[in-house]
Amino acid sequence: MLKVILFAFMENGYESLRKIEKLCKTDIRFMWLLQDNPPPSHSTIGNFMNNVLNRKIDEIFADINSYIFTVENVDLNHVYIDGTKIEANANKYSWVWKKSCEKNRLKVFARITELLGEMNEKISSFCVKFGIREEYAIEYLEQIQQQYVKLCGFDP
C-alpha cells in the first residue's frame, strides 16, 4: 500500500483518494505494485494514510533518506531546489546559449576594464595601479577588491 501511495504522489503530485483507487484498477504500473492483491478502495487508502502513515511518516522519511545517502551515494553538497536539471549525457544541444554567453562574457570583461580604469584614477594618489587584462579570473578580481577596500578604507 505504501508503494502505491508513494508512486501516486511521485507521478502526479497530490492525488485524491478516489483517483488513486481508479489508478489501482486501470493502470498496469499500479497493478504491478499491488502484486496480484485486489485494488484497495478509497476508504482503505484513506484509513492507511491516516492511521498508519500519519504516525510513521517521519520514520519513513528518515529511512528513505538514509537509503539514498548510503546505497545510492548521493552527495548533499550539490542540491538544487530551483528546478535545475543536469543532463547526464551531453550532446550538441546541451548548451543552447553558448554564443550568447560568450558575447556577454566579453561585454562583462569590457565593463571590468572600464571599472578598473576608474579605480586606477581614484587610487593614483596612493601610487598603486591595478593591471588591466583582456580576460579576468575570479581570484584576480577578488584580490583587486581586497586591495581596493584596504586602500580606500571603507566597509563593503
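None of the figures in this text is laboratory data; all of them are computed from the coordinates on show. Owing to the predicted nature of the structure, the values given are computational and were not obtained by experimental measurement. Quick reminder, even Gly has a Cβ in these numbers, built from the backbone with ideal geometry, and neighbours come from all protein chains shown.
Here are a few things to note about the model shown:
- Going from the residue with the fewest nearby Cβ atoms within 10 Å to the one with the most, Met119, Met10, Met49 rank Met10, Met49, Met119.
- Legend: calculated FRET efficiency, Glu11 to Asn77, from the Cβ-Cβ distance at R0 = 22 Å, rounded to 0.05, equals 0.15.
- Whether segment 2-70 is rounded, prolate or oblate, judged on the alpha carbon gyration tensor where a/c under 1.5 counts as rounded: prolate
- In sequence order, calculated HN-Hα J values of segment 131-146 (Karplus, 6.51, -1.76, 1.60; Hz; x Gly/Pro): x, 9, 10, 7, 10, 10, 8, 4, 4, 5, 5, 5, 4, 4, 4, 4
- Gain upon complete extension [Tyr67, Glu102; 0.36 nm per residue less C-alpha separation]: 8.4 nm
- Couplings 3J(HN,Hα) of segment 106-121, computed from phi: 5, 5, 5, 4, 5, 5, 4, 4, 4, 5, 5, x, 5, 5, 4, 5 Hz, in residue order, whole Hz [Karplus 6.51 cos²θ - 1.76 cosθ + 1.60, θ = phi - 60°; x for Gly and Pro].
- HN-Hα J in Hz across segment 41-46 - Karplus 6.51, -1.76, 1.60, θ = phi - 60°, x for Gly and Pro: 7, 5, 6, 5, 5, x
- Environment charge of Gln35, counting only residues whose C-beta is closer than 14 Å and scoring Lys/Arg +1, Asp/Glu -1: +1
- For segment 98-152, with +1 on Lys and Arg beta carbons and -1 on Asp and Glu, the positive-most of Val128, Cys152, Gly117 along the dipole: Gly117
- Segment Asp27-Phe109, length gained on full extension (0.36 nm per residue, minus Cα span): 23.9 nm
- Amide N proximity, segment 2-17 versus Lys56 label position 7 Å along Cα-to-Cβ, cut-off under 16 Å: 2-7
- A crude spin-label estimate for the pair Glu118 and Arg18, with each label 7 Å from Cα along the Cβ direction, gives 6.4 nm.
- Normalised per residue, the volume of the convex hull around the Cα set of segment 98-152 (Å³): 69
- Database remark: amide H of Glu15 closer than 5 angstrom to no amide H (H placed geometrically; neighbours at sequence offset of 5 or more, or on other chains; Pro and chain starts carry no H).
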